[in-house]
1. In the range C:128-152, what count of residues is obtained for those that are farther than 27 Å from C:Gln73 by Cβ and in contact with a Cys (Cβ under 8 Å, 6 or more places away or on another chain)?
2. Restricting to the range A:3-24, name every residue that is more than 7 Å from every other protein chain (Cβ to nearest Cβ), part of a loop (DSSP other than H, G, I, E, B) and open to solvent by 20 Å² or more (accessible area, probe 1.4 Å).
3. Quick one: in the range D:114-126, which of the residues that are among the aliphatic types (A, V, I, L, M) and not in a loop (DSSP other than H, G, I, E, B) is surrounded by the most Cβ atoms within 10 Å (Cβ to Cβ)?
4. Which of (1) under 24 Å from the mean Cα position of the chain (by Cα); (2) without any contact (Cβ under 8 Å) to a residue 40 or more places away in the chain is the odd one out, the single condition A:Asn285 does not satisfy?
5. Considering only the range B:141-150, I want to know if a residue exists there that is farther than 19 Å from B:Gly60 by Cβ, open to solvent by less than 20 Å² (accessible area, probe 1.4 Å) and more than 10 Å from every other protein chain (Cβ to nearest Cβ).
6. Can C:Val103 be described as in contact with a Cys (Cβ under 8 Å, 6 or more places away or on another chain), modelled with pLDDT of 95 or more, closer than 17 Å to C:Ala171 by Cβ and assigned to a strand (DSSP E or B)?
7. From C:Arg111, C:Arg172, C:Arg129, C:Arg69, which residue is among the charged types (D, E, K, R), open to solvent by 20 Å² or more (accessible area, probe 1.4 Å) and closer than 14 Å to C:Ser197 by Cα?
There are 4 protein chains.
Amino acid sequence: MKSFASDNNSGAHPAVLQALTDANDGFAKAYGEDPVTARAEALFREHFGPQARTFFVTTGTAANITGLRCVCQPWQSVLCSEHAHITMDECGAPEAIGGFKLVQLPSEDGRITPGQIEPHLASLGFVHRNQPHVISLTQCTEFGTLYTPGEIRRMCDFAHKNGMLVHMDGARIANACAAQDCTFKEMTTDLGVDLLSFGGTKNGLVMGEAVVLLNPEIGEAIPFFRKQFMQLVSKMRFIAAQFIPYLGDGIWRENANHANAMAERLAQKAGAVNGVEIIGEVETNAVFSRLPEKALETLMDEYYFYIWDETERSLRWMLSWNTTEAMVDEFADAIRVAVEG
Amino acid sequence: MKSFASDNNSGAHPAVLQALTDANDGFAKAYGEDPVTARAEALFREHFGPQARTFFVTTGTAANITGLRCVCQPWQSVLCSEHAHITMDECGAPEAIGGFKLVQLPSEDGRITPGQIEPHLASLGFVHRNQPHVISLTQCTEFGTLYTPGEIRRMCDFAHKNGMLVHMDGARIANACAAQDCTFKEMTTDLGVDLLSFGGTKNGLVMGEAVVLLNPEIGEAIPFFRKQFMQLVSKMRFIAAQFIPYLGDGIWRENANHANAMAERLAQKAGAVNGVEIIGEVETNAVFSRLPEKALETLMDEYYFYIWDETERSLRWMLSWNTTEAMVDEFADAIRVAVEG
Amino acid sequence: MKSFASDNNSGAHPAVLQALTDANDGFAKAYGEDPVTARAEALFREHFGPQARTFFVTTGTAANITGLRCVCQPWQSVLCSEHAHITMDECGAPEAIGGFKLVQLPSEDGRITPGQIEPHLASLGFVHRNQPHVISLTQCTEFGTLYTPGEIRRMCDFAHKNGMLVHMDGARIANACAAQDCTFKEMTTDLGVDLLSFGGTKNGLVMGEAVVLLNPEIGEAIPFFRKQFMQLVSKMRFIAAQFIPYLGDGIWRENANHANAMAERLAQKAGAVNGVEIIGEVETNAVFSRLPEKALETLMDEYYFYIWDETERSLRWMLSWNTTEAMVDEFADAIRVAVEG
Amino acid sequence: MKSFASDNNSGAHPAVLQALTDANDGFAKAYGEDPVTARAEALFREHFGPQARTFFVTTGTAANITGLRCVCQPWQSVLCSEHAHITMDECGAPEAIGGFKLVQLPSEDGRITPGQIEPHLASLGFVHRNQPHVISLTQCTEFGTLYTPGEIRRMCDFAHKNGMLVHMDGARIANACAAQDCTFKEMTTDLGVDLLSFGGTKNGLVMGEAVVLLNPEIGEAIPFFRKQFMQLVSKMRFIAAQFIPYLGDGIWRENANHANAMAERLAQKAGAVNGVEIIGEVETNAVFSRLPEKALETLMDEYYFYIWDETERSLRWMLSWNTTEAMVDEFADAIRVAVEG
């Protein structure tokens, strides 16, 4: 299968699979009370600061909803971009399971600003409206774009000044940190982010996501919500184990750097083809583009990728930790042939 | 770690880990549209009949709630034993996520009867009461006891005659089928069970549970509920792959037979100690017992197991697919020494 | 219609209807910001103490669920009698709307004791179980029986010592206070009750219930929950106005005393008939009884009342503020004729 | 109080209060099984067609959520204008209680079109998205504007062709029908509307709203949802009774005609003042306007009305069934004085 559709289509890094085998050593306490889980949690503290509390879950949607629910009552609201995964791709879990309202803000490239939050503060104290309480940023965004550290810090300052919190959907946080050559802590804790959905699956794990509470004063009920939200895995060591090489041996950055580089490579090679439009800047591991209609059909016969927006005729190509240079080059050649006829 | 606490404390069968490696072959479509998932679903059809529709999830609680929610409106109710996992050990997921009411029926050994359901039919049509709609049986029960096929068939007949459905919580269905030397189909589809929570994790998987819809007329919304309930894993092939050796190569029965045999062995050896009471009959892989208080303390210093009921002073010893005869014998000896002083 | 079925079948006291007309004076702010509502709230403070915060709602179920939800997270639980209205007669609103679990305690006469709560404290801190947090008492109970002030105080002390709260379902609290010849405050605030569902409808209002928060430290989110739970009535003055004569002119006690006296009268007259069994003690406005089968059929042709429990063949006769002595006497005569043939 | 803020601030029509007194005739079955409720339900059938099923509730929010929940699963969505009451003014009840997602469509004047729904049909069958299922129109809109019968019919045709339903939020449906000089049936049933939130409170009732199911094939579970949503009032006759003069004696049209005429009068008189801008067309009983800042302050000292949108500096004046010509004229004069200095 030749996939440029999603980093979800990639497999697991060999070291991650090896970690599963290493963890399969006789009996261990269930539900996260085992030494492997303790080791993984310690690694998160190393990467996010000593106050970080980590709760493993099984999907990105679960990380978002579990984390948000712990800090947001059903009569409050979460403000996010209109393109945010929580509003576009979670089949109503925020509403049906979280119970809270999503307030969606218009956005060109997936990013939002304090200026867009401001008018919603007028609802504070008005009993007919959900009370704005959490701002959710996706870093990198669903378009692969990045908030700068300064933008995140300003959003956090704005939130805290108004009694609100900042959640970061970090389904691809590794790609973001790799792109900005910073640590996880520099991207989150140091900027004032209150809680994070930490994604590992897209970047080389079998299955491993986590809610990371960075603000020590929030989320004390999270153990109960995680269980109630059907996320308390019994053989937790097998989730946790994956993070040991991922965080401990730097696989996260290696994989993310590679995926980002492959996106840059594809954008350059495909963008050089006359008739191919690369949309926006390529900041992480996603490339958005437009192709002539006929070329598109030819290409989709052999390669798997998504039409992102039917109306705008935009395409998304997603590069993965295990996309090779050869794959990129072959794909770029195929694009050239398809477009140039 | 010397654990007789739970089959959740056991690890994964080597063939299951190997299946993960085998599935880690380049790119594959996400969310279950891959060939490995297709193969695993086909195996479920082989084992449960061609009409069986299988939806993988990540925890036993998720299997129960996703399945039940698909067939039960919030104004209906699920009737179960007062000891059922759904009411005792899911931190309110049935109520908070499913929305429906649990009607709990008294039970000595985890089993319930049509005679206990009957009086609740009087609520049908009475708008102030949740409408009885699903009967949930745990096979084997939380006490390790078994419904006979005849009992299950009679419950299903009773349910269907009254417009109700039967759900089976099969977190340990392998142990049940092994104990009764029958196939999965003989235990479920053939008896009229409508839907099943199929458990694999306790019997040797890394993580793998499933909702299996046996009645072809129910649950059409399950794909949406699974996603909304945060159970649609992106790299689904890694859940599905585990079922290939488990169901395809008979590991399920081999593991379950072994765990059951270890329980029988422990019950016999420990039960032969003067002062040790084995409670009830050992039908699958659980042994319930009572020990003198002082012996208990000594024993718990070295061995890990649960006090089941503080009031009744009962203990639960759970045997696993990877509990060896030597472990059982050592534990039985330790019991003897602790009790006899 | 000759109804001994429910105090819900009675009408409204003339002074209450007059209060609606009095309140219908031109324009007034909606949603409770009007002077009539302010006056009614002040009356509640007079009756329950200056710290009492009152939130009007439209049904008894709404009072229970709104109040309980404000103090109980979905991963916590409410402990109540197995006969409690919240578990028997609210069609799953506690679970589906409140989200929390109800833990039902066996009870002969509708009352529960601290000794029944105690074993459930073992679940505290155990992540698989809902955390016990609120004890709900019905005063008077669904059987018309009463907790003594001492019993309530002991339950409150027990609850507070264990970090729990006490909710009182006071759908018929007027009947309880009338029977014990005490004030509302003596029955609630003074004993340590944290929050109350105050019922007025059954005792002579058109429609008027309220959540009364007695503990000043709880329920700060109640205005938002009341709105979200669809209970924030726009022309609130018409709910509030009813409480002005009800609480201000003593109608509550007058009506309740009368209903209670009618129950006593009926119990004495009917109980004197050979073949009629009065079950338990008549403490407020309910009479439970057993009649010969044939007499029952005859009687139900003309009089409207409920068979309470089909299995036990028990009947419930409920007396109302507008049941007259003549009605009682006529009914008692009819019973005599039906039974004696 | 001089209120032009909301028709919720008006009182009850004398005939409506009289109906309460008339209904207060001894005992009657509770929960809607009484003859007064039967009579009111029959009146709804007269006005909406013989297939109409009516379920009384206590607030407009309750009508919306109860009705929508009966036809919309939590994994489906309701599409509405961004200004719709369900998304702006119900404190998250759609999400937290209904469970479904609201998809908000941009709108200048509160109206939406089939062309805006169309792109969302692309989500059908995509498991990551809520499935579009109900279109909710407000008639008249939150801006007092009107859909023409033709527009409603086209929306219904579009919906049905795509397997969807149309809900009408008729909190002010009387004003709409009065403005278009049509019957309720001509505005709903005849055009293909599937279900209606029928509002009476704003137009002269004490408290009375209803879900009216017009499509005979939907909503069979509504009795249970109404109870669970805390809307099954015990002394239902007092809700129902109000509709007897309201629908039976034409009060609805008389009141609505008057309120609409008062809006027209105010718009003309105030609009004639130099410096006052009337925004949009006045079609029912709402007038939107802009005033010079200084005049506004002066005016708000004496008159009660809302600033509708702080950013746009728009005001809303709402006229009621009991606003008199003298009040309008006095207010218009006050506006003139304030503006002209």
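The values are calculated or read from the model by the stated rules, or taken from the named source; none is laboratory data. Everything numeric in this text was worked out from a predicted model, so none of it was measured. Cβ atoms come from the backbone with ideal geometry, glycine included; neighbour counts cover every protein chain shown. Remember, those area values only see protein heavy atoms, side chains included, never the ligands or the DNA or RNA. Shrake-Rupley method; radii C 1.70, N 1.55, O 1.52, S 1.80 Å.
1. Kept after step one, since they are farther than 27 Å from C:Gln73 by Cβ, are these residues of the range C:128-152: C:140, C:143-146, C:148-151.
When the remaining residues are screened for being in contact with a Cys (Cβ under 8 Å, 6 or more places away or on another chain), the result is C:146, C:149.
The number of residues fulfilling the criteria is 2.
2. Residues of the range A:3-24 that are more than 7 Å from every other protein chain (Cβ to nearest Cβ), as a first pass: A:4-5, A:7, A:13-16, A:18-19, A:22-23.
Checking which are part of a loop (DSSP other than H, G, I, E, B) leaves us with A:4-5, A:13.
Correct list: A:His13 only.
3. Initially, the range D:114-126 is screened for residues among the aliphatic types (A, V, I, L, M), giving D:117, D:121-122, D:124.
From what is left, the residues that are not in a loop (DSSP other than H, G, I, E, B) are D:117, D:121-122.
Details: D:Ile117: 19, D:Leu121: 14, D:Ala122: 13.
That would be D:Ile117.
4. For A:Asn285, the failing item is (2).
5. Going through the range B:141-150, the residues farther than 19 Å from B:Gly60 by Cβ turn out to be B:148-150.
Subset that is open to solvent by less than 20 Å² (accessible area, probe 1.4 Å): none.
The answer is no, given that none of the residues of the range B:141-150 is farther than 19 Å from B:Gly60 by Cβ, open to solvent by less than 20 Å² (accessible area, probe 1.4 Å) and more than 10 Å from every other protein chain (Cβ to nearest Cβ).
6. Details: in contact with a Cys (Cβ under 8 Å, 6 or more places away or on another chain): yes; modelled with pLDDT of 95 or more: yes; closer than 17 Å to C:Ala171 by Cβ: no; assigned to a strand (DSSP E or B): yes.
Against the criterion (in contact with a Cys (Cβ under 8 Å, 6 or more places away or on another chain), modelled with pLDDT of 95 or more, closer than 17 Å to C:Ala171 by Cβ and assigned to a strand (DSSP E or B)), C:Val103 does not qualify.
7. On the way: C:Arg111 fails: closer than 14 Å to C:Ser197 by Cα; C:Arg129 fails: closer than 14 Å to C:Ser197 by Cα; C:Arg69 fails: open to solvent by 20 Å² or more (accessible area, probe 1.4 Å).
On inspection, the qualifying residue turns out to be C:Arg172.
The rows are residues; the columns are (1) closer than 16 Å to D:Gln268 by Cα; (2) among the charged types (D, E, K, R); (3) in contact with an Asp or Glu (Cβ under 8 Å, 6 or more places away or on another chain).
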| site | (1), (2), (3) |
| --- | --- |
| D:Tyr303 | no, no, no |
| D:Ile307 | no, no, no |
| D:Glu312 | no, yes, no |
| D:Met318 | yes, no, yes |
| D:Met327 | yes, no, no |
| D:Glu330 | yes, yes, no |
| D:Asp333 | yes, yes, no |
| D:Glu340 | no, yes, no |
